[in-house]
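Q: I'd like to ask some things about the structure below.
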Amino acid sequence: MIARPEPFYFKHGPQGIILLHAFASNPNDVRLLARQLERLNYSVYAPMLTGHGTGDFTDILVNANPQIWQADVQKAIEFMRAEQMESISIFGISLGGIFATWALEEDPQLLMGGAFGSPIVSDNNFNVHGTFMQMAKADYQRQKMSQSMMTEKLAWLDDHVDDQLAAIASFTHEVAAKLATVKQPYFIAQGTRDEIINPNSGKRLAEALIGHNAQFHEYDAGHMLTVNDAHHQLEEDLISFLKENNK
């Protein structure tokens, strides 16, 4: 039986950090980063967005939508407040970065935040559909699902994932339209070899936040910056950012 991923909470010091995972993924996206932050006495919470981590990718399309994920993020913030953190910051990778940015727009009490490889200010030059299908197929193969069932499920996903992606795109446009309301220090990370979203997305986001205390970092790497070859440098840069803005 395959062990399914779980949300995690590393409780340490009074400075809380929420880390949000990517679309069709799970909190393991941010576990390496969380461990580094844990070593520096931050308390780190990585929730699971609804529909994710179940072993069936149809759940992401049937049981969730951006409004449900908004509620998930709000619950994560409330959880950290109940833990009596002195401060709470929020970051996310890809889809998680979109929702971290939304949270910063809506909640001025959040100390700081940011996005890693998030298409917040971008065009439609991305390959989320194809990546989603590849991830679903790989996960079903790990489960040793029968060929007939896998073919049926993948066909259904192929027909329906674009509806969810359209809903995400609509929500992202709303977030982008309110970027001027972000007053907190904001960290942007982008891979120059991003294979899923436009590699210029991070630069465009930085340009949209000029004058809003944003810090932009580029890495010679692909999309998943928290787990690929860039993760060590990303961790160093983010830790420096946290220290600079928590004086």
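The values are calculated or read from the model by the stated rules, or taken from the named source; none is laboratory data. As the structure is a computational prediction, the values presented were derived from the model and not from experiment. Note: ideal-geometry Cβ built from the backbone for every residue, glycine included; neighbour counts use all protein chains shown. Note: areas computed on protein heavy atoms with side chains; ligands, DNA, RNA excluded. Shrake-Rupley method; radii C 1.70, N 1.55, O 1.52, S 1.80 Å.
Q: Tell me which residues come under 5 Å, amide H to amide H, from residue 215 once H is placed; ignore anything under 5 positions away on its chain.
A: Under 5 Å from the amide H of residue 215 lie the amide H atoms of 186, 187, 188, each far enough along the sequence or on another chain.
Q: Work out, in µm²/s and without decimals, the Stokes-Einstein translational diffusion coefficient of segment 161-215 at 37 °C, 0.692 mPa s, Rh from Kirkwood over C-alpha pairs.
A: 262
Q: If you project the alpha carbons of segment 89-160 onto the principal axes, what extent comes out on each, in Å, largest first?
A: Computed over the Cα atoms, the extents are 50, 27, 17 Å.
Q: With a cut-off of at most 10 other beta carbons within 10 Å, and DSSP calling the residue loop, which chymotrypsin sites (Phe, Trp or Tyr not before Pro) in segment 53-159 qualify? Please list them.
A: none
Q: Hey, another quick one. Long-range amide H contacts for residue 191: which residues qualify at under 5 Å (H placed 1.01 Å from N, peptide plane, sequence gap of 5 or more or a different chain)?
A: Residues meeting the amide H criterion: 117, 219.
Q: Can you give the helix-only mean residue ellipticity at 222 nm for the chain, where every DSSP H stretch with n ≥ 4 adds -39500 (n - 2.57) and the sum goes over all residues, rounded to the nearest 500 deg cm²/dmol?
A: Computed mean residue ellipticity for the chain: -14500 deg cm²/dmol.
Q: Now, a different point. Quick check: net charge around residue 9, other residues with Cβ under 14 Å of its Cβ, Lys/Arg +1 and Asp/Glu -1?
A: Residues near residue 9 contribute +1 overall.
Q: With the crude spin-label approximation of a point 7 Å out along Cα→Cβ, what separation in nm comes out for residue 174 versus residue 135?
A: So the two model labels end up 2.2 nm from each other.
Q: Please compute the per residue accessible area over segment 1-153 with all protein chains in place, 1.4 Å probe, rounded to a whole number of Å².
A: Computed with neighbouring chains in place, this is 43 Å² per residue.
Q: Please list the non-local residues whose amide H lies under 5 Å from the amide H of residue 18, H modeled 1.01 Å from N, same-chain partners needing a gap of 5 or more.
A: For residue 18, whose amide H was placed from the backbone, the distant partners under 5 Å are 45, 89, 90, 91.
Q: A further question on this structure: Rounded to the nearest 20 debye, what is the charge dipole size of segment 96-247 about its Cα centre when +1 sits on each Lys and Arg Cβ and -1 on each Asp and Glu Cβ?
A: Roughly 220 debye for segment 96-247.
Q: So, one more: When the convex hull of the C-alpha atoms of the chain is computed, what volume per residue in Å³ does it have?
A: 116
Q: Using only C-alpha atoms and all pairs of different ones, pull out the Kirkwood radius for segment 124-246 in Å with one decimal.
A: Evaluated over segment 124-246, this radius sits at 16.9 Å.
Q: Looking at the chain as a GNM with Cα springs under 10 Å, which of 176, 71, 138 has the largest mean-square fluctuation?
A: Its mean-square fluctuation being the largest, the pick is 138.
Q: If I compute solvent accessible area with a 1.4 Å probe over the protein chains, what percent of it on the chain is carbon and sulfur?
A: Roughly 49 percent, rounded to a whole number.
Q: Can you give the relative contact order of segment 65-138 as a percent, counting alpha carbon pairs under 8 Å and 6+ residues apart?
A: Contact order relative to length: 26 percent.
Q: Something else now. What length, rounded to one decimal in nm, is gained on full extension from residue 154 through to residue 6, with 0.36 nm per residue of separation minus their alpha-carbon distance?
A: Contour length minus the Cα-Cα distance gives 50.9 nm.
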